[in-house]
Amino acid sequence: MTTPTMWHRLAAEFIGTFWLVLGGCGSAVFAAKFPSGDGTALGIGFLGVSLAFGLTVLTGVYAFGTVSGGHFNPAVTLGAAIAKRVEWKALPAYWLTQVVGGAVAGGVIYVIASGKAGWTAEGNMAANGFGDHSPGGYSMVAVLVTEVVLTALFLLVILGSTDDRAPKGFAGLAIGLTLTLIHLISIPISNTSVNPARSTAVAFFNGAGAPAQLWLFWLAPLVGAAIAGAAYPLLFGRNEELADRPVRDDALEEVN
């Protein structure tokens, strides 16, 4: 098998993160609420948006996981590096590519949404927030705890389902369904981040306090991912010492 170059890996991360933001945040902006002419609600609601995020990751992992690992999320890359599933030297390039890919998707959502008469981006770009900017009015502490805990659990599922000892071919399904469940839990709390690139992608288009609160949606997911990345090998061991090379796995980092 030909080893993907770093260019190939970054292209996969760019497209995958673009797809995640376009599919997830796009569904929240365009389809979460959609009244019909007779007043009937046709929107997909929290359940539909949760599924949209899960489906973007599920499809992205199967499409691009064998090239880049299918991270699409700076927190995932950090957790994978700590767990020795990806080389540390790849982290800066992955982070930059994920943020840019997400931001481009945010721009596409903004351009499309602006085509609707009377629509304004302020407060309507599916941004994350706490306090007055939380969908349910949850405090900063509540949002911080939620994002740390859910990101840590997300990384544990990712690391477990992509372990060399796990059944092959099912990681994308496990990861996508886990992200769906995470959104079902936390959309009312924080509008669900667990992904700094997703949060950054729409914060500046959204305005309305989102940029000022963006720090939490970097800090909390990275802390949660770091906890999981360190805890997984200690709790469950590892089948082989991967050291400074990508993991050989069908869904997270099959590059060798």
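As I understand it, the value is the acute angle between the Cα axis of helix 45-68 and the longest principal axis of the Cα atoms of the chain; what does it come to in degrees, rounded to 10? With both axes taken from Cα atoms, the answer is about 30 degrees. Residue-wise HN-Hα couplings along region 91-104, as the Karplus relation 6.51 cos²θ - 1.76 cosθ + 1.60 with θ = phi - 60° gives them from phi, are 4, x, 5, 4, 4, 4, 5, 5, 5, 5, x, x, 5, 4 Hz; Gly and Pro carry x. Of the trypsin sites (Lys or Arg not before Pro) found in region 24-108, those that fall in a DSSP loop while having at most 15 other beta-carbon atoms within 10 Å are LYS33. Per-residue Karplus couplings for region 179-185, computed as 6.51 cos²θ - 1.76 cosθ + 1.60 with θ equal to phi - 60°, are listed in order as 5, 4, 4, 4, 5, 4, 6 Hz, Gly and Pro entered as x.
Taking a Cβ cut-off of under 14 Å around PRO196, the surrounding Lys, Arg, Asp and Glu residues balance to a net charge of -1, with basic ones at +1 and acidic ones at -1. Rounded to the nearest 10 degrees, what's the angle between the helix 140-161 long axis and the longest principal axis of the chain, both from Cα atoms, 0 to 90? Helix 140-161 and the main axis of the chain meet at about 40 degrees. Between helix 196-206 and the chain there is an angle of about 20 degrees, using the helix long axis and the longest principal axis of the Cα atoms. Per-residue ellipticity at 222 nm from helix content only, as computed over the chain with -39500 (n - 2.57) for each DSSP H run of at least four residues, stands at -21000 deg cm²/dmol.
Every number in this text was worked out from the coordinates using simple rules, so none of it is lab data. Predicted, not measured: the structure shown is a model, and the values here were computed from it. When we count neighbours, we look across all protein chains shown, and the Cβ atoms used for this are built from the backbone with ideal geometry, even at glycine.
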